[in-house]
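These notes are about the structure you will find just below.
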Amino acid sequence: MSKNKKVVKYRKPFNLNIGVIIFIIIFIYLIFNVFSYMTTTHISVYEVEQGTMAANNIYRGLILREEQVYYANYSGALNYYVKEGSKVSYNNLVYSIDENGDVSKLINSTSHDVSVLDANDLNEIEESIYDFQAAYDSQHYYNVYAFKENIDSSLNEALSLSALNQLGDYAASAQASNTFHPITADTHGVVVYYTDGYEDVRVDTFSAQMFNETSYSRVSNQNAVNITIGNPVYKLITSEYWNIVLPVPADVAAELADDDTLQLRFVKDDKKTYATYTLTQMDEQDYVILTLRNSMIRYAKERYIEVELLLKEETGLKIPNSAITEKEFFTVPKEYFMRGGDSQNEGLLVERTDKDGKKYTEFVAPTIYYETEKYFYIDSEDISADDYIIKPDSNATYTVGSNTAVLKGVYNINKGYAVFKQIDLLYQNEEYSIVRTGTTYGIALYDHIALDGSKIKENELIKQ
């Protein structure tokens with residue numbers, strides 16, 4: 001009889017695959033990073049830069065010039081030969097009136113042939129296009145329309161003159177029969193084709209009603225086909241000297257009272273120039289009367305224009321307004337501070353009570369955020385509102401939270417956590433502020449600050 005053999009199974013020792021271990025480590029690492037990402041404040045960062053901003057003194061003014069209006073002595077078809085806003089000299093051809101209309105029809109039909117343009121005409125148009133391209137700014141797209149109008153005027157001037165020259169004998173015959181009348185300038189000046197009734201207004205005769213543009217109207221004959229005798233045809237601006245009258249607030253007039261020269265900027269094309277000025281008042285409204293000796297031809301077609309008075313510029317650290325926030329602080333009299341402890345920092349003797357009810361003093365050196373002549377500004381990080389502090393070499397005490405004040409500032413995040421820094425505002429517009437540079441408790445050039453100061457708190461860790 002055979003004996004049954006007992007089978008003993010051998011168990012291998014537990015051996016965790018190295019790949020599984022790596023997988024677990026990576027998984028834990030990912031979980032940790034996701035948790036850190038979800039629990040850490042993410043904030044956009046702004047690097048502090050140097051900047052300059054001018055006070056916003058933009059006003060819309062009334063332009064006054066020496067303008068001579070010329071009227072039609074005949075009725076008939078009208079043709080112009082000078083681009084509006086161009087200079088003419090004595091005896092230059094400005095326009096013609098054709099009583100029968102025959103010559104005018106031939107001029108109009110012939111002027112559609114651009115092949116008649118000579119090299120000078122083409123060079124002038126090419127230079128206008130090049131100048132526009134060089135100065136183009138997408139933020140001032142409306143200048144495209146002015147450019148188109150300028151090119152159209154240049155083409156009409158060149159083509160009409162060329163067409164008239166081609167007609168030669170025919171035009172001369174009509175002129176001899178006293179039905180075609182070419183009209184030349186009787187003096188030099190800048191040609192403008194609109195009239196508005198303000199041509200005779202001067203700096204001592206303007207009225208407040210003239211600044212109500214809803215009642216303003218102008219008449220232009222530039223695109224007119226016919227003209228009637230006695231109607232205005234064009235006008236000449238006969239002097240380079242011109243004026244802009246600006247209604248301004250009383251405080252601006254007071255600021256200007258002690259001088260007679262200023263710098264200004266034309267909002268339309270961002271050009272800057274200098275002007276002398278005088279001040280006047282009418283019906284309790286203050287006016288600045290600017291006198292200019294240049295740039296008249298650039299704005300010859302305007303009656304109203306926006307200008308910025310560059311009265312004051314502030315230079316300092318430029319920061320976005322979104323970064324500015326406010327924080328409340330304890331204000332503690334400076335006489336309660338002393339130097340001591342393990343550092344040379346300013347600190348306070350704070351009255352404490354131990355577990356046995358015995359009182360003792362502790363030296364605390366809180367972070368100082370700002371100071372005035374009498375007070376240091378501190379927060380509740382190292383000291384509470386109910387703490388009593390003892391005046392050095394005295395028994396006098398002061399409750400920390402008895403007086404508070406609010407400071408404007410930003411959060412500096414250079415070290416990866418938020419630190420409030422007080423700012424001294426010099427100037428502010430809708431988007432940015434200029435703050436004083438070099439302040440003891442403030443920010444410095446190239447500091448990194450939180451773009452949105454409302455999203456974080458003191459000492460909060462920041463992840464960009």
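The values are calculated or read from the model by the stated rules, or taken from the named source; none is laboratory data. Note that the coordinates shown come from a computational prediction; the quantities given were computed from them, not determined experimentally. Cβ: placed from backbone, ideal geometry, glycine included. Neighbour counts: every protein chain shown. Accessible surface is based on the protein model in full, side chains and every heavy atom, while ligands, DNA and RNA are left aside. Shrake-Rupley method; radii C 1.70, N 1.55, O 1.52, S 1.80 Å.
Overview of results
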item: Counted residues, the range 272-311 - those being touching a residue at least 24 places away in the same chain (Cβ under 8 Å) and on the phi > 0 side of the Ramachandran plot; result: 2
item: Residue count, the range 454-463 (criterion: crowded, with 18+ Cβ neighbours inside 10 Å and in a loop (DSSP other than H, G, I, E, B)); result: 1
item: Only one of 216, 193, 198 that is closer than 17 Å to residue 303 by Cα, surrounded by 19 or more Cβ atoms within 10 Å (Cβ to Cβ), of a type in the set (Phe, Trp, Tyr) and modelled with pLDDT of 65 or more; result: 193
item: Residues (within 44 Å of the chain's Cα centre (by Cα) and without any contact (Cβ under 8 Å) to a residue 60 or more places away in the chain) located in the range 312-344; result: 334
item: Matching residues in the range 229-243 - criterion: being farther than 20 Å from residue 82 by Cα and either assigned to a loop (DSSP other than H, G, I, E, B) or touching a helix residue (DSSP H, G or I) at 6+ places or on another chain (Cβ under 9 Å) (or both); result: 229, 230, 241, 242
item: Residue ranges of strands (runs of 3 or more DSSP E) in the range 264-374 with at least 3 members open to solvent by 70 Å² or more (accessible area, probe 1.4 Å); result: 271-282, 359-364
item: Within the range 248-263, considering residues that are within 24 Å of residue 303 (Cβ to Cβ) and surrounded by fewer than 16 Cβ atoms within 10 Å (Cβ to Cβ), the one farthest from the chain's Cα centre (by Cα); result: 249
item: Pick from the range 13-30, criterion loosely packed, with under 10 Cβ neighbours inside 10 Å and in a helix (DSSP H, G or I), ranking: modelled with the highest pLDDT; result: 18
item: Verdict on residue 195 being over 30 Å from residue 59 (Cα atoms) and in contact with a Phe, Trp or Tyr (Cβ under 9 Å, 6 or more places away or on another chain); result: no
item: Residue within the range 31-45 that is assigned to a loop (DSSP other than H, G, I, E, B) and at pLDDT 75 or above present; result: yes
item: Positions within the range 199-223 being part of a loop (DSSP other than H, G, I, E, B) and closer than 24 Å to residue 89 by Cα, in sequence order; result: 199, 200, 221, 222, 223
item: Listing of strands (runs of 3 or more DSSP E) fully contained in the range 375-453 that carry 1 or more residues being more than 17 Å from residue 322 (Cα to Cα) and open to solvent by 30 Å² or more (accessible area, probe 1.4 Å); result: 375-378, 388-390, 397-399, 404-412
item: Residue 407 being closer than 15 Å to residue 370 by Cα and either among the small types (Gly, Ala, Ser) or at pLDDT 95 or above (or both); result: yes
